[in-house]
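Okay, structure first, notes after.
Derivation of every value follows stated rules applied to the coordinates shown; laboratory data play no part. The model shown is predicted, which means the values in this text are computed figures rather than measured ones. FYI the Cβ positions are ideal-geometry reconstructions off the backbone, even for glycines, and counts take in every protein chain you see.
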Amino acid sequence: QKEVEQNSGPLSVPEGAIASLNCTYSDRGSQSFFWYRQYSGKSPELIMSIYSNGDKEDGRFTAQLNKASQYVSLLIRDSQPSDSATYLCAVPLNQAGTALIFGKGTTLSVSS
Amino acid sequence: EAQVTQNPRYLITVTGKKLTVTCSQNMNHEYMSWYRQDPGLGLRQIYYSMNVEVTDKGDVPEGYKVSRKEKRNFPLILESPSPNQTSLYFCASSSGQGDVSPLHFGNGTRLTVT
């Protein structure tokens, strides 16, 4: 059975700092990885996807993937209070990436 | 506006009283899923559907039923709800096309079973 592990946090960082969120996964055959952000009481929304080893940057967000170590991370540069949310790591159950297994999420708190 | 619509947003019911949570998407997506979210347990998949009349169990299917008679609708049925099904439920859909097929989530249904 596929598993996705995340530290639950809370992870607290000051405004302007870099927040680093980590995720490990059990299925060595996983090919795609997703980061979702969920504000309290709201539904999750996709913020990053990554398929190849290395880094992928999108604005203040950088996803890092190391398939050999079965490790994926999300860096948030210049953290803002509006980034305070729970971040969910997910890997697909099927090839299309439509049915996902989610980690339990890491709660990030950015203080101003 | 492209969206996934769940109803109701809040539901309080009693043990054993059958209920249905509706889910509809207007994006012509083939893939639809139901998740429940509980504190400390995260999001867990209940059922998913790859297309009309094609459904499959997720991680926690016990106590739930689904049907996919039309592409746009994917209702979640609790034939005999129990208190351990008190949870926040999300419906999601995806096109399943291309390298990135993000899940589009509905706004959630908070169910309380007493």
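In chain A, taking the dipole from charged Cβ atoms about the Cα centre, the farthest positive-side position among A:Gly29, A:Ser12, A:Ser82 is held by A:Gly29.
For a footprinting-style exposure proxy, rank A:Trp35, B:Trp34 by other Cβ within 10 Å, fewest first. List each step's numbers first, then the result.
Working: A:Trp35 22, B:Trp34 28.
Final ranking by Cβ density, sparse to dense: A:Trp35, B:Trp34.
For trypsin sites (Lys or Arg not before Pro), the sites in the stretch B:25-85 that DSSP calls loop and that have at most 14 other Cβ atoms within 10 Å are B:Lys69.
The ranking of A:Lys42, A:Lys67 from fewest to most other beta carbons within 10 Å of each one's beta carbon is A:Lys42, A:Lys67.
Rank these for me by crowding, B:Met27, A:Met48, B:Met32, going from fewest to most other beta carbons within 10 Å. Present the calculation step by step, with values, prior to reporting the outcome.
Values: B:Met27 13, A:Met48 20, B:Met32 29.
Result, fewest neighbours first: B:Met27, A:Met48, B:Met32.
Here chain A was treated as a single set of alpha-carbon atoms; its pair distances binned every 10 Å from 0 give 15, 50, 30, 5, 0 percent. Its alpha carbons give the protein assembly as shown an Rg and a Dmax of 17.6, 51 Å.
Karplus-derived 3J(HN,Hα) values for the stretch B:16-30, using 6.51 cos²θ - 1.76 cosθ + 1.60 with θ = phi - 60°, are x, 8, 3, 9, 10, 9, 8, 9, 9, 10, 10, 10, 6, 6, 7 Hz; glycine and proline are entered as x. The separation of the stretch A:8-29 from the stretch B:1-74, counted between C-alpha centres, amounts to 29 Å.
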